[in-house]
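Novice: This is the structure I want to talk about, given as structure tokens.
The values are calculated or read from the model by the stated rules, or taken from the named source; none is laboratory data. Because the structure is a prediction, the values reported are computed rather than measured. Here the Cβ is made from the backbone with ideal geometry for all residues, glycine too, and neighbour counts use every protein chain on show. Note: accessible area is taken over every heavy atom of the protein model, side chains too, but ligands, DNA and RNA are not part of it. Shrake-Rupley method; radii C 1.70, N 1.55, O 1.52, S 1.80 Å.
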Amino acid sequence: MKTRIVLLTVLFFNSLVYASDPIKIDSLKPRFFGASPSKNVRNVNGVMFKYFDEDENNIPKKINGLGLGLNPVGLFFPALLLVYLPDVGKWNLNNDYGIVPENEMNKINGVQLSLINMEPTVTNGLEINVSSNINTYATTNGAALSPFFNLHHEVKGVSVAPLANIGQKCRGLQIGLYNSCKDFRGIQIGAWNKNGKRKLPLINWNFKKQEKKEL
């Protein structure tokens, strides 16, 4: 009898704790449609609409479906990046962004369709960005397409952009006017191609694992 009373008491107080934190329960419940920024949305099985990106204090979200980002900031970045295009060979993602653990990143299983992405994100599927990924750590497993630039720390698959594809760790295919990836395995096709092994016009490749340099 005493054991039952103790168990009932524990269950009662436990229910009170969760009832006092409805945001926590609600945020973990999958939704068909969600909006961001929001502290109440963590899981979406459908469409996530992002009207603004938060790189700092980002609350990781999981989207199974479509991540739709219409941050208006993305309309201005292509023009700004075009100004710095002559110095594209000096662009270095490691100088700007730190590595973010995967459990602290948004995860999109499906399609990311955005003007710009400024939140740490893993895309498993198709990524289409007008201004690509700015000021954030981004990983794509699948295909990344942009009408201007593709900027990623990691890409496994295909990266296509008319002007430039810039990455730190790439496995697969890069197609663009300028292609650059420090840790690269695959094929690069473009006017100028640069990877950790060599620099070549038109087509470049590397299929060997790079040896780590001793400090």
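Novice: Within the stretch 54-81, take every residue that is within 17 Å of Val44 (Cα to Cα) and among the charged types (D, E, K, R) and give me the one that is surrounded by the most Cβ atoms within 10 Å (Cβ to Cβ).
Specialist: Lys61
Novice: Does the stretch 28-39 contain at least one residue that is within 24 Å of Asn135 (Cα to Cα), touching a Lys or Arg at 6+ places or on another chain (Cβ under 6 Å), surrounded by 14 or more Cβ atoms within 10 Å (Cβ to Cβ) and at pLDDT 90 or above?
Specialist: no
Novice: Same structure, new question: Considering only the stretch 161-197, state which residues are outside any strand (DSSP E or B), open to solvent by less than 60 Å² (accessible area, probe 1.4 Å) and modelled with pLDDT under 95. Spell out the reasoning first.
Specialist: So in the stretch 161-197, the residues outside any strand (DSSP E or B) come out as 161-163, 176-177, 196-197.
Now narrow it down to the ones that are open to solvent by less than 60 Å² (accessible area, probe 1.4 Å): 161, 163, 176, 196.
If the condition is that a residue be outside any strand (DSSP E or B), open to solvent by less than 60 Å² (accessible area, probe 1.4 Å) and modelled with pLDDT under 95, then Leu163, Gly196 are the ones that fit.
Novice: Tell me, which residue of the stretch 199-215 that is open to solvent by less than 60 Å² (accessible area, probe 1.4 Å) and out of contact with any Phe, Trp or Tyr (no Cβ under 7 Å at 6 or more places or on another chain) is nearest to Asn129 (Cα to Cα)? Spell out the reasoning first.
Specialist: Taking the stretch 199-215 first, the residues open to solvent by less than 60 Å² (accessible area, probe 1.4 Å) are 200, 204, 206.
Cutting the leftovers down to out of contact with any Phe, Trp or Tyr (no Cβ under 7 Å at 6 or more places or on another chain) gives us 200, 204.
Details: Leu200: 27, Asn204: 25 Å.
Among them, the one singled out is Asn204.
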